[in-house]
Amino acid sequence: MPSPEPLLAARGLGRRFGPSTVLRSVDLDIAAGQVLLVLGENGSGKTTLLRLLAGLLRPTTGSVLLHGQPVRSTDAEFRRHLGLLSHKSHMYDDLTLRENLVFAARMHGLPNPGEAAAAAIRSADLDQRGDSRLGSLSRGMLQRAAIARAFIHRPGILLLDEPFTALDAPSADRVRRWIQERVRDGCGIALVTHQPAEVWELTTDVGVLAAGRWAILEPRPAALESFLPRYREAIRV
Amino acid sequence: MSESVRAVFALAAKDLRLEFRGKAGLLSAVMFAALVLIIFNFSRDPTTISNIDLAPSVLWVTFAFGAVVTLNRAFHLEQENAAFDGLRLAPVSRGAVYFGKLLANLVFVGLVEAVTLPLFILFFDVDLSGSLPGILAITALATIGFVGVGTVFSAMVVRTRFAELMLPVLLLPFMVPPLIGATQATTRLLAGRPLSEVWGWLRLLAVYDIVFVTLSALTFWAVVDE
Amino acid sequence: MTAGIRGRGAIRGGLAVTAIALLLLAGVYVMALKYTPVEIRQGLAQKIFYLHAPAAWSALLAFGLVGLISVLYLWLQDPRLDLFAASSVEVGLAFCLVMLTTGPIWAKPIWGTWWTWDPRLTLTLLLFFIFLGYLALRSALNDRSERARFSAVIGIMGLLLVPFIHISVYLFRTMHPMPILMKPSKPSLPPEMLKTLLFSFGVATLLYIGFVMVRYGLAIRQYDREEAQDES
């Protein structure tokens, strides 16, 4: 691990939904500049892990630690340091993109919501569509808008669930560059994807979840090709 | 202004903007309330029961039904694109989210009541000239009470398959005390009695509001934290 | 804690308590019919009180406990507390139903009407509906923790609603007196009546404990069975 003091950590993190256990006793550390790639089959607990880290779900066992301090669900402040890009945009179809972003900025208590929204629209390269109804955006634009909304408050910890969904090649390139910039800024990142090839070079660590546990968690090997056979082996659990 | 208070107003303003842009929802609630008034007028024998005898009950049953219909929509608009997750990710307490939704719901239900009241005066030929301030005070106190509880319940029922049916089943028993108070006080005021005579009812309504809004804000986390 | 064992103890104990309570209940009937004097004004109809009053007591005990247990649940988040609260609601509803049926049977000959909006009767009726709604909401939710949290919120709110219903219905009635043939007076009870009533309250409490233990045991067993299914 690159730094002794991780930005975000999990200890013995587990979660059940009713009688079914989706995540069992997961440990992880994400330090500044670290990018953890999380792989696994559908239903292996990847999304649940990100939602637990973001504080959207309360853990059944274990805890999440922010700068070494355990996070309590009643504490709202810790959410300032986190941003989550999920499968859904968290925005309202009947508001314009700008209105959605201004609202998000207000909820995060940003000093100048209008400016923050304008900057986010620029960074998503959606200047032309800033005042269109959100519901009228194409899927690719929507994904860029969702990224802009999720990180409008410039958090130090980025949780990305399938960021490349629906993005064409140029947009995907832009998201990759954006991730690189955030890493240079000293952010810690956890990234869930089904297409490891798209981000392999960006990542520092790789973890494979199988049936709610780490099957693999290690520094990222240089070549994806050498890793793939072990990945296939791991998810066969 | 503290950050939480700003978030409360931002959330309420967002709801108002969405609702006024959609229009259909609020308009339907207003129409529903107007139709309830009309039906009430014809569900009596005009030769034996005069309008004024029935007026307070009609007014409050209409307000209650209008509120239930309006509250049913409160958390539906948070369902699209998992927008509610976005609210839960914001660095504000669950209590602030509750107060934001409560504020928006009070405006919506207040609007339905504001349209219903003139129609009620028109249809039932009531003279409110002397009693209007009292009636408004009663309406405000009773509405805060049942919208306070209704906001929590409507956040619960959106998680079920038959939310529209579940909300009135849960909420109506909790509406009984404010409705009794409001109807009794309205009856007295319409009969020309002074405001001092309904002071006791007003106090009861105020205590109900304080108890249930506080309790709702304190337990809202249990409704929204998964 | 292996599956089955937790529930079985509670069910066995509950069945034993219920059996004893049912025997004692027969005793209440015998006492009510043979031992207590016939009330002068109400006649034999008054005998139903030895069923009605203890049922009301048990229903209020059940719902009161639901409110307190709900507070504890939100604090400790132990699923057993939720299962207990839900069991108590079901048993409370059963007692409520006894109270709501015996009430009118008594009221018809005495007050001359099947139903009156007496504060206590109204309160029971509304509690009946609140907790029917509680069960309806539970059955409409799939997630176990969500079900428990929502139930707890309603349990607490229901408990706090009780004084408001009571006060407002009381004030409502004092302003609109209902036509009744006879006012329910509070004469000093003859010792035989008092003893029988107190005995019947004890028996009803015991019945509540027995029922709730059995229901709770079944709920725990169901819970553990779902757990076991997941593990396999």
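The alpha carbons of the range A:16-127 give a radius of gyration and a Dmax of 16.7, 47 Å, in that order. Between the helical axis of A:224-234 and the longest alpha-carbon principal axis of chain A there is an angle of about 60 degrees. Taken over chain C, lysine pairs spaced eight or more positions apart, or on distinct chains, with alpha carbons under 17 Å apart number 7. Assuming R0 = 22 Å, can you tell me the calculated FRET efficiency for the pair C:Ala136 and B:Val61, based on Cβ-Cβ distance, to the nearest 0.05? Once the sixth-power term is evaluated, E becomes 0.45. Here the 3J(HN,Hα) profile of the range C:12-25, calculated from phi with Karplus coefficients 6.51, -1.76 and 1.60 at θ = phi - 60°, is 4, x, x, 5, 5, 4, 4, 4, 4, 4, 5, 4, 5, 5 Hz, Gly and Pro shown as x. Scanning residues 5 or more positions from A:Arg220 or on other chains, those with amide H under 5 Å from its amide H are A:Asp205, A:Val206, with H placed 1.01 Å from N in the peptide plane. Packing-based ranking of B:198-210, A:176-188 yields B:198-210, A:176-188, ordered from highest to lowest mean Cβ neighbour count within 10 Å. What's the angle, to the nearest 10 degrees (0 to 90), between helix B:132-157's Cα axis and the longest principal axis of chain B? On a 0 to 90 degree scale, this one is about 40. Label the range A:1-81 by shape, choosing from rounded, prolate and oblate, from the square roots a ≥ b ≥ c of the eigenvalues of the Cα gyration tensor; if a/c is under 1.5 it is rounded, and otherwise prolate applies when a/b is larger than b/c, oblate when it is not. It comes out oblate by the Cα gyration axes.
Separation of the range A:167-203 and the range A:1-65, taken as the distance between their Cα centroids, equals 19 angstrom.
Computed from phi, the 3J(HN,Hα) profile of the range C:213-227 under the Karplus parametrisation 6.51, -1.76, 1.60 (θ = phi - 60°) reads 5, 4, 5, 5, x, 4, 5, 4, 5, 4, 4, 5, 5, 5, 4 Hz, with x in place of Gly and Pro. The HN-Hα couplings worked out from phi for the range B:200-205 by the Karplus form 6.51 cos²θ - 1.76 cosθ + 1.60 (θ = phi - 60°) are x, 5, 4, 5, 4, 4 Hz, whole numbers, x standing for Gly and Pro. Considering only alpha-carbon pairs that sit under 8 angstrom and 6 or more positions apart, the relative contact order computed for the range B:1-112 is 51 percent. Amide hydrogen proximity for A:Val192: with H placed 1.01 Å from N in the peptide plane, the residues at 5 or more positions away or on another chain lying under 5 Å are A:Val38, A:Leu160, A:Asp161, A:Glu162. For the peptide C:161-173, the mean number of other protein chain Cβ atoms found within 10 angstrom of a residue's Cβ is 5.
What angle, in degrees between 0 and 90 and rounded to the nearest 10, separates the Cα long axis of helix B:3-22 from the longest principal axis of the Cα atoms of chain B? The angle comes out near 70 degrees.
Comparing Cα centroids, the range B:61-117 and the range B:170-208 end up 24 angstrom apart. Its DSSP H runs of at least 4 residues, each contributing -39,500 (n - 2.57), put the calculated 222 nm mean residue ellipticity of chain A at -9000 deg cm²/dmol, to the nearest 500. Computed from the Cα positions only, the extents of the protein assembly as shown along the three principal axes stand at 98, 68, 37 Å, in decreasing order. For the peptide A:72-80, the mean number of other protein chain Cβ atoms found within 10 angstrom of a residue's Cβ is 4.
When the helices in chain B are scored as -39500 (n - 2.57) per DSSP H run of 4 or longer and the sum is shared across all residues, what 222 nm value do you end up with, to the nearest 500 deg cm²/dmol?
Helix-only estimate at 222 nm: -27500 deg cm²/dmol.
Taking every residue in C:70-78 and counting other chain Cβ atoms within 10 Å of its Cβ, the average works out to 1.
Bear in mind these aren't lab numbers, they're just calculated from the coordinates by the rules spelled out. Everything numeric here is computed off the predicted structure, so don't read it as measured data. Neighbour counts run over all protein chains shown; Cβ positions are idealised from the backbone, glycine included.
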